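Inspection log for the structure reproduced underneath, given as structure tokens.
The values are calculated or read from the model by the stated rules, or taken from the named source; none is laboratory data. Please read all numbers here as calculations on a predicted model, not as lab measurements. For neighbour counting, all protein chains shown are included, and Cβ atoms are generated from backbone atoms with ideal geometry for every residue, glycine included. What goes into the accessible areas is simple: the full protein's heavy atoms, side chains included, and nothing from ligands, DNA or RNA. Shrake-Rupley method; radii C 1.70, N 1.55, O 1.52, S 1.80 Å.
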Amino acid sequence: MANGESPVGADAPAGGFVQLLTPDGERIDSVTTADGVTYSVDFTDGEYRELYQDLVTVRRLDAEATALQRQGELGIWASLLGQEAAQVGSGRALRPQDMAFPTYREHGVLYTRGIDPIMPFGLFRGVDQGGWDANKYKFNGYTIVIGSQTLHATGYAMGVTMDGKTGTPDGEAVIAYFGDGATSQGEVNESFVWAGVFHAPMVFFCQNNQYAISEPLERQTRIPLYRRAAGFGFPGVRIDGNDVLASYAVTRAALDQARNGQGPTLIEAYTYRMGAHTSSDDPTRYRIASEVESWKVKDPISRLKAFLTKQQLADDTYFAEVDESARKLALDLRERVLAMPDPQPVTMFDHVYPNGSPELDQQRAQFAAYEASFEGSTH
Amino acid sequence: MSRIKEFTLPDLGEGLTEGEILTWLVKVGDTIELNQPIVEVETAKAAVEIPAKWGGVVTRIFHEAGTTVEVGAPIISIDTDPGAGPVPSAESLAAVEVAPEEGSVEPGMIGGPAPGGRTAVLVGYGPKTATAKRRPRIGTPPAPATAAPATPPPAAAAAAPAPVTQPTPASSRPPAAAPPAPTQPTPVTPAQPAAAPAQPAARPAGPVLAKPPVRKLARDLGIDLTMIAGTGPLGSITRDDVQQAAATASAPAETTVTESIVTQQAPATAAVFDASREQRIPIKGVRKLTAENMVASAFTAPHVTEFLTVDVTRTMKSLERLKSRPEFRDVRISPLLFVAKAVLLAVRRHPMVNSTWSAATNEIVVKDYVNLGIAAATQRGLIVPNIKDAGRLTLRELADALTALVQTAKSGKTPPSDMSGGTFSITNVGVFGIDTGTPILPPGEAAILAFGAVRPTPWVHKGKIKIRQVTTLGLSFDHRIVDGELGSKFLRDVGGFLEDPEAALLSWT
């Protein structure tokens, strides 16, 4: 895979990227990198439509969450607006046995894993700790600490190798998501070292959305991020992060490399965070409107819609149906979020040890007695 | 559950306590949809649009644009079922459902139960008074300050988990609002006998028992803890004890002062010096920001200001010649353009004045680019938008940028991005007819130039006294970075350019 120059798309940054669908909706059959690796996709008409539906649904649910935050129903929300293609493409490339380690923004990956989108809302509403069964969903907890999940993922991937589950076409692979800002973290660099040295079945998927909160990319790196991989001894490739087809094709290939025992890959999905870092952030304070405008024309959904229209794979009736179905899902999500019960204070002791401990039980009893000492208490 | 729902201002960004209503996007009587943007609110963190939480018809807007509203206060009410016939009158609605003006009622309760049976307590952070949050204990003797409430305070109902059968707001409201004011659990009620000033004798001997936050509160309020009798466990002093002591200590003192003033003033002219002749302006927005920046800068960067009076007759003539050139025919240019150019060229010769003292990293950050700030007086107050990378602009581009910057500032539309990242600023006090000043550095900048009025002045020119166009420049600089020598050289160069721009251009560039 390419450590040198990637092929140049029409709107690519210096050094190029892998692009299979242009912003105008033109399909590029296949792309071969400088290292001679060829990427392409072979989707049926229905699969193209499904990808479109994924993108629209993920964006609509995200918009509903942003509204819920503004209405005081969520404490905070990290919007994925603009990054749908990177997430949906890579998420759809995962096989059921693959394990994903997300950040707090990977709502699109979560959705493509077939998980009920409500799962992370308890965390953002502050009614649970976001602790779901990572093994059941093959989807680790949302990690708030920047970059730490790459170490967890690498350790997990090394474990997969020790279990003898790599080295076959049906082996397991692990994907870790992180952002451009995380590449400056020690943890991410350490995980590169470990994954590289131990040949871990890993895909490092970096969504370079150009900003680490307010810090622009030029303060993170002097070279394109995908080229960092070369120093750690594994391949790096940059993709057009707003192209769901490129995201799918390259991630699928990298995962297959990993599951076949060929070691890790770094994918840099070159994209843009169209919204704020989180609902507590005001991006107009650090970036200019013309820059945001220049990314609007690269929108991941409109290019796929243009493609579907040009190829006569879908018509306005279909698009309206997709919108309506996404709207209903969003309303359903809203109602279920509003219905989430507030936790009882005593439940904070429930998730410390799997089987409790004498000291913890004592603390729980003391706290319950204290709570019960108030009038109107239900304890 | 009422079909009229009130939307309270949520905490929009992790720990905010208030927001300013910028613009209402809907008005009373409008039919709105779920998630339709209804209002723009600016908080300390961001200006955001709030989408409607329910569809329906707007029945009331509580605060006009420009008001600063506390988190948890109602801002709009919406009839969620307008098709169901007429709404009860506004008076009965207020009585039944809202009563936001009654201080003891938690604003979060007013919306009634939210969908799904969740009690709609205050979103974001709780009400401000500690007493409203505190639930009464079972079987403990009531503390003096909270003595007497016959019924549980409204907070108790709000803090309890949602009962199986949710009482409607109509049924729960009257008991909460019914108790007359004196029975409200207010921490400081002078009328209560228990609130009498504590005597030193009442305190048991030995060290004072009080938790650190209480000690801090006492220090902040100037209360001597050894003079208070504690009512907490083991005789420890509680927050309420301190607040009570503060209230009883300050009340008589204020009275005395007022009386003495009145006695002194009354016989003379009977002039009134009270609130009726005072205007109280909330400190917020640009004024607040300006104040914070000025204080931060004035008390961290040691300022030095130097002055230079220069003959700018040649600059004024060059300006006239420039105006007649076709390239500059359609742009308004002023001496400020030359001052800006002089600064940009002088910065190139003395880059250190275009730098930042970074205490956090223990570095002086010298910038290769000049984001040239121009102080502008606007209706909203002083703002200092800057021209990004002004050093790269041609003179014509610089003239255009200056014009655009001033026009945008005057129309109040300067985006925040234009106001951040400045590296060197100019304040054009001359437009007010002022000769010069000692400007305060914008935070993060090492120097700022004041450009005074240009006046015809008797001046020694080529050995004779002539009437020349003269102005005074004032340069303030951060003495941590810029020494007197560097500041003087820089100011001398700016002055030198203005005295003879053409010669300076030829010799410097």
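Brief remarks follow.
- Whichever residue in region A:286-321 is in contact with a Pro (Cβ under 7 Å, 6 or more places away or on another chain) and not in a helix (DSSP H, G or I) and, among such residues, is least open to solvent (accessible area, probe 1.4 Å): A:Lys298
- Taken over region B:465-495, the residue count meeting the criterion of being touching a residue at least 60 places away in the same chain (Cβ under 8 Å) and not in a strand (DSSP E or B) is 15.
- Total residues in region A:257-280, condition small (Gly, Ala, Ser) and more than 14 Å from chain B (Cβ to nearest Cβ): 4
- Of all residues in region A:108-135, those that are of a type in the set (Gly, Ala, Ser) have Cβ atoms under 8 Å from Cβ atoms of residues that are loosely packed, with under 14 Cβ neighbours inside 10 Å and at pLDDT below 95, 6 or more apart or on another chain, in A:Gly131/A:His351.
- Tallying residues that are within 30 Å of A:Asp45 (Cβ to Cβ) and open to solvent by 60 Å² or more (accessible area, probe 1.4 Å) within region A:328-343 yields 3.
- Checked against (1) within 25 Å of the chain's Cα centre (by Cα); (2) farther than 23 Å from B:Ala346 by Cα; (3) among the aromatic types (Phe, Trp, Tyr), B:Phe432 passes all but a single condition, namely (1).
- Residue in region B:1-20 that is farthest from the other protein chains (Cβ to nearest Cβ), counting only those that are over 24 Å from A:Ala78 (Cα atoms) and not in a loop (DSSP other than H, G, I, E, B): B:Ile4
- Qualifying residue in region B:326-344 (condition: more than 23 Å from B:Thr427 (Cβ to Cβ) and under 35 Å from the mean Cα position of the chain (by Cα)): no
- Residue tally, condition facing chain B (nearest Cβ under 7 Å) and either among the hydrophobic types (A, V, I, L, M, F, W, C) or out of contact with any helix residue (DSSP H, G or I) (no Cβ under 9 Å at 6 or more places or on another chain) (or both), over region A:281-296: 2
- Selection of first residues in region B:412-426 that are assigned by TED's automatic domain parsing to the domain that holds B:Tyr369 and open to solvent by 20 Å² or more (accessible area, probe 1.4 Å) and of second residues that are among the hydrophobic types (A, V, I, L, M, F, W, C) and in a strand (DSSP E or B), restricted to Cβ pairs under 7 Å at least 6 apart or on distinct chains, gives the following pairs, ordered by first then second residue: B:Thr414/B:Ile383; B:Met419/B:Ile383.
- Checking region A:346-360 against the condition returns a match, with at least one residue being more than 14 Å from every other protein chain (Cβ to nearest Cβ), part of a helix (DSSP H, G or I) and of a type in the set (A, V, I, L, M).
- The set of residues in region B:405-422 being within 18 Å of A:Ala289 (Cα to Cα) and within 14 Å of chain A (Cβ to nearest Cβ) consists of B:Thr408, B:Lys413, B:Thr414, B:Pro415, B:Pro416, B:Ser417, B:Asp418, B:Met419, B:Ser420, B:Gly421.
- Screening region A:4-111 for strands (runs of 3 or more DSSP E) wholly inside it with 3 or more residues that are open to solvent by less than 10 Å² (accessible area, probe 1.4 Å) returns the ranges A:99-101.
- Scanning region B:379-409 for residues that are without any contact (Cβ under 8 Å) to a residue 60 or more places away in the chain and polar (S, T, N, Q) turns up B:Gln379, B:Asn386, B:Thr394, B:Gln407, B:Thr408.
- When region B:435-469 is filtered for residues that are surrounded by 14 or more Cβ atoms within 10 Å (Cβ to Cβ) and either among the aliphatic types (A, V, I, L, M) or outside the structural domain of B:His479 (by TED's automatic domain parsing) (or both), the ones remaining, listed by number, are B:Ile440, B:Leu441, B:Ala446, B:Ala447, B:Ile448, B:Leu449, B:Ala450, B:Ala453, B:Val454.
- Only a single criterion out of (1) in contact (Cβ under 8 Å) with a residue 60 or more places away in the chain; (2) in contact with a helix residue (DSSP H, G or I) (Cβ under 8 Å, 6 or more places away or on another chain) is not satisfied by B:Gly285, namely (2).
- Verdict on A:Arg364 being closer than 27 Å to A:Leu68 by Cα, surrounded by 17 or more Cβ atoms within 10 Å (Cβ to Cβ) and either within 14 Å of chain B (Cβ to nearest Cβ) or modelled with pLDDT under 95 (or both): no
- For the residues B:Gln469, B:Gln407, the requirement of being more than 30 Å from B:Asp311 (Cβ to Cβ) and of a type outside the set (Lys, Arg) singles out B:Gln407.
- Residue in region B:47-56 that is away from every other protein chain (no Cβ under 12 Å) and over 19 Å from A:Trp77 (Cβ atoms) present: yes
- Leading residue by the ranking (nearest to the other protein chains (Cβ to nearest Cβ)) among those in region A:332-343 that are outside any loop (DSSP other than H, G, I, E, B) and without any contact (Cβ under 8 Å) to a residue 60 or more places away in the chain: A:Glu335
- Flag for A:Val346 being open to solvent by less than 40 Å² (accessible area, probe 1.4 Å), of a type in the set (Val, Ile, Thr), within 28 Å of A:Met119 (Cβ to Cβ) and in contact (Cβ under 8 Å) with a residue 60 or more places away in the chain: no
- Single unsatisfied condition, A:Ser325 versus (1) open to solvent by 30 Å² or more (accessible area, probe 1.4 Å); (2) closer than 23 Å to A:Arg59 by Cα; (3) facing another protein chain (nearest Cβ under 10 Å): (3)
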